[in-house]
Amino acid sequence: MIDFEETNGTLWRDVTAHGDIRYCFNCGTCIAGCPASNADPPLLIRNLVRMVLLGLEDDLLDEDTPWSCVTCSRCEEMCPMGVRPFEICLEIRKWQCKNDETRIPPATAEVFQRGYTQAVEKVQALRESVGLTETLPTISESPELLAKFQEMLMEIEVIQDVDYMFRS
Ligand code: SF4
Ligand code: SF4
């Protein structure tokens with residue numbers, strides 16, 4: 001049960017894009033073609049839009065899934081209401097960072113460890129079936145480059161402050 005005394009009824013004004021988020025009728029079309037909806041945990045943009053509309057700012061602040069968006073903008077093309085879900089996703093990221101300056105998205109640690117994020121397990125078989133490698137070739141295949149990349153990341157002050165997140 002949501003206690004609307006505790007929610008922020010104007011949150012949608014702070015997390016808004018060029019479309020009008022209030023037109024969302026929760027159809028889920030944005031999820032249907034979203035590659036990040038197969039991530040773990042899945043990015044369910046419709047649910048994030050609901051959180052914004054319901055003013056659930058504490059829950060929204062805790063959400064890591066907006067950082068799984070791969071910025072393909074498919075959802076923008078598919079949304080029948082012109083809500084611009086992709087832009088909402090980016091706005092949520094900005095809003096989170098504005099409201100928690102110490103926020104380090106977990107994706108940063110993934111990038112640090114292996115040079116990429118977004119291991120989308122469900123597409124591995126599909127990649128192999130069309131003759132591609134099981135996973136994307138990335139910097140992680142070159143230990144020297146990965147070490148250099150990690151060294152560069154560790155020069156960033158905000159990363160140094162939370163270095164425990166980056167230990168294997
Ligand atoms: S832009 Fe982001 S939220 Fe939209 S379909 Fe692509 S990955 Fe999903
Ligand atoms: S496709 Fe558009 S209207 Fe449908 S749930 Fe997603 S944001 Fe809302």
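Restricting to segment 30-49, and then to whatever is within 10 Å of ligand 1 (Cβ to nearest atom) and β-branched (Val, Ile, Thr), can you tell me which residue is most open to solvent (accessible area, probe 1.4 Å)?
The selected residue is Ile31.
For segment 51-59, check the following and say yes or no: at least one residue is at pLDDT below 95, within 11 Å of ligand 1 (Cβ to nearest atom) and not small (Gly, Ala, Ser).
Scanning segment 51-59, I find no residue that is at pLDDT below 95, within 11 Å of ligand 1 (Cβ to nearest atom) and not small (Gly, Ala, Ser), so the answer is no.
If a residue has to be modelled with pLDDT of 80 or more, exposed (fewer than 11 other Cβ atoms within 10 Å of the Cβ) and under 19 Å from Pro105 (Cβ atoms) to count, how many in segment 124-168 make the cut?
Count: 4.
Just the residues that are away from ligand 1 (no atom under 11 Å from the Cβ), more than 14 Å from the chain's Cα centre (by Cα) and open to solvent by 30 Å² or more (accessible area, probe 1.4 Å), please, taken from segment 73-112.
Pro80, Met81, Gly82, Lys98, Asn99, Asp100, Glu101, Thr102
Going by the structure shown, is Leu48 touching a Cys at 6+ places or on another chain (Cβ under 9 Å) and at pLDDT 95 or above?
yes
The values are calculated or read from the model by the stated rules, or taken from the named source; none is laboratory data. Quantities reported herein were computed from a predicted structural model and do not represent experimental measurements. Neighbour counts run over all protein chains shown; Cβ positions are idealised from the backbone, glycine included. Calculation scope for accessible area: heavy atoms of the full protein, side chains included, ligands and nucleic acids excluded. Shrake-Rupley method; radii C 1.70, N 1.55, O 1.52, S 1.80 Å.
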